[in-house]
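Below you'll find the structure, written out as structure tokens, and then a few comments.
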Amino acid sequence: MWFRRLPLMLAALALTLGPALYMVYADYRAFLDTPLGPPAAGWVLDVKPGMGSGGVARELRRQPGVLRSALYLEAYARLSGLASRLKVGEYAISPGLTPRGLIDQIAAGRVIQYSLTVVEGWTFRQLRQALAAHPKIAHTLSETSDAEVMTRLGRSGKHPEGKFFPETYHFPAGTTDEAFLKRALTTMDRQLADAWSRRAPDLPLRDPEQALVLASILEKETGLAAERPEIAGVFIRRLRKGMPLQADPTVIYGLGSTFDGDLRRQDLTTDTPYNTYTRKGLPPTPIALPSTSALNAAVQPAPGDALYFVASGQGGHIFSATLEAHNRAVQQYLQTKRQ
């Protein structure tokens, strides 16, 4: 009977196929840990929604020399249980990356991170321009007014100037400009709250918003972080005495697009809500994005008696307690400038 010979047949089959199966398995194991073959400069794999492990394998096979076996790659994804966990996004295929490492990377969602540096002292208009120019950001606010942007960010009726923290942000491709702004907004909320919690006693600042306004002026007055507490001290003492701040950056901001780079005497006498020569107190909103050092200086001003300051002509400022001393410093600055 044939079934009596079945064990012998199976044994013979095993002896025949065993070496072949072992060779296939050994080749599969070697494949998993052998680096892929991308160009020397690397390559970017864009995993789109619904692509799956089979789609990933096919996409890799379209690139000459990158992937030796689509079958092996898909088998690993399924046998490891990672096929259902692959995440969309852009992934760097760099020299040395193995098929096993690639699938693990996609399952973990370790996508390429792009960056945008929001510069200290930028205005909101400059921030929007930078977002609009970034090729990896999804632009959803292009036709939206500043007021509408703030509404979409949950801050309806709030002025956008100064509300977004300047630093370098990292994000995956496809991040929306709205999501980017939301992140920068909440970061500024956190930074401002932290600074306000450590404020000096008896400041003539009503709330954190006024601290933000002062910080934005400090940001534009000097690029030297070490000087900002001294300049803050001057402005705080002027606020206490009811003196106008006489801050050129606020005047420039109030001039808007009409400012041609040269601040004239008539500009100082042309009244706008931001002219701190013609109006006492702080301007109605911030004028730029303040850094951490500017925020800290606004709420922790340096002690002293100076009420005036002027550029030294050598990168810093000269501080004076009297108008007479200030006028001498101004003449010194003008002489240095002429020379």
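The values are calculated or read from the model by the stated rules, or taken from the named source; none is laboratory data. These numbers come from a predicted model, not from an experiment. Heads up, the Cβs are rebuilt from the backbone with ideal geometry, glycines too, and the neighbour counts pull from every protein chain shown.
Restricting the search to segment 294-321, which residues are small (Gly, Ala, Ser), within 31 Å of the chain's Cα centre (by Cα) and in a loop (DSSP other than H, G, I, E, B)?
Result: Ala302, Gly315, Gly316.
Here are some conditions: (1) part of a loop (DSSP other than H, G, I, E, B); (2) closer than 28 Å to Lys220 by Cβ; (3) not polar (S, T, N, Q). Ala173 meets all but one. Which one does it not meet?
(2)
Give the residues of segment 163-185 that are touching an Asp or Glu at 6+ places or on another chain (Cβ under 9 Å) and either farther than 21 Å from Asp46 by Cα or among the aromatic types (Phe, Trp, Tyr) (or both), sorted by residue number.
Lys163, Phe165, Pro166, Glu167, Ala184
Take the conditions within 13 Å of Leu282 (Cβ to Cβ) and either in contact with a strand residue (DSSP E or B) (Cβ under 9 Å, 6 or more places away or on another chain) or in the same structural domain as Leu307 (by TED's automatic domain parsing) (or both) and apply them to Arg206. Does it pass?
Taking the combined requirement at face value, the residue satisfies it.
Here are Glu161, Glu167, Glu143: which of them is over 19 Å from Asp189 (Cα atoms) and among the acidic types (Asp, Glu)?
Of the residues listed, the single one that is over 19 Å from Asp189 (Cα atoms) and among the acidic types (Asp, Glu) is Glu143.
Which of the residues that make up segment 297-321 are touching an Asp or Glu at 6+ places or on another chain (Cβ under 9 Å) and not hydrophobic (A, V, I, L, M, F, W, C)?
Pro301, Gly304, Gly316, His317
List every residue pair whose Cβ atoms lie under 7 Å apart, where the two residues are 6 or more positions apart in sequence or sit on different chains, the first residue falls within segment 242-261 and is without any contact (Cβ under 8 Å) to a residue 60 or more places away in the chain, and the second residue, located anywhere, is of a type in the set (Lys, Arg).
That search, which allows pairs on different chains as well, returns Gly242/Lys280; Pro244/Arg279; Pro244/Lys280; Leu245/Arg238; Pro249/Lys220.
Spot the failing condition for Thr140; the list is (1) at pLDDT 95 or above; (2) over 13 Å from Thr176 (Cα atoms), and only one is missed.
Condition not satisfied by Thr140: (2).
Starting from residues that are farther than 25 Å from Gly174 by Cβ, in a loop (DSSP other than H, G, I, E, B) and of a type in the set (Ser, Thr, Tyr), keep the ones in segment 64-97 and report whichever is nearest to the chain's Cα centre (by Cα).
Ser80
Residues of segment 199-235 being farther than 21 Å from Glu120 by Cβ and buried (at least 16 other Cβ atoms within 10 Å of the Cβ), which ones?
Leu203, Pro204
Being of a type outside the set (Ser, Thr, Tyr) and over 18 Å from Pro286 (Cα atoms) is true for just one of Glu143, Glu167, Glu161. Which residue is that?
So the residue among Glu143, Glu167, Glu161 that is of a type outside the set (Ser, Thr, Tyr) and over 18 Å from Pro286 (Cα atoms) is Glu143.
Each row is one residue, and each column tells you yes or no for (1) hydroxyl-bearing (Ser, Thr, Tyr); (2) under 23 Å from Asp33 (Cβ atoms); (3) assigned by TED's automatic domain parsing to the domain that holds Ser293; (4) in contact with a strand residue (DSSP E or B) (Cβ under 6 Å, 6 or more places away or on another chain).
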{"residue": "Leu71", "(1), (2), (3), (4)": "no, yes, no, no"}
{"residue": "Leu79", "(1), (2), (3), (4)": "no, yes, no, no"}
{"residue": "Val88", "(1), (2), (3), (4)": "no, no, no, yes"}
{"residue": "Ile93", "(1), (2), (3), (4)": "no, yes, no, yes"}
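Give segment 155-175 a look and list any residue that's of a type in the set (S, T, N, Q) and farther than 21 Å from Ser145 by Cα, or say none.
Within segment 155-175, just Thr168 meets the criteria.
Every residue, every condition in (1) crowded, with 18+ Cβ neighbours inside 10 Å; (2) free of Cβ contacts under 8 Å to residues at least 40 places away in the same chain, yes or no:
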| position | (1), (2) |
| --- | --- |
| Pro286 | yes, no |
| Asn296 | yes, no |
| Asp305 | no, no |
| Gln314 | no, yes |
| Leu323 | no, yes |
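Only one of Leu102, Leu127, Leu185 is in a helix (DSSP H, G or I), touching a residue at least 12 places away in the same chain (Cβ under 8 Å), in contact with a Gly (Cβ under 9 Å, 6 or more places away or on another chain) and not assigned by TED's automatic domain parsing to the domain that holds Leu295; which?
It is Leu185.
Only one of Glu230, Glu219 is closer than 27 Å to Leu203 by Cβ, touching a residue at least 40 places away in the same chain (Cβ under 8 Å) and out of contact with any Leu (no Cβ under 9 Å at 6 or more places or on another chain); which?
Glu230
Which residues, counting only those in segment 27-63, are in contact with a strand residue (DSSP E or B) (Cβ under 7 Å, 6 or more places away or on another chain) and not in a helix (DSSP H, G or I)?
Leu36, Pro38, Gly42, Trp43, Val44, Leu45, Asp46, Val47, Gln63
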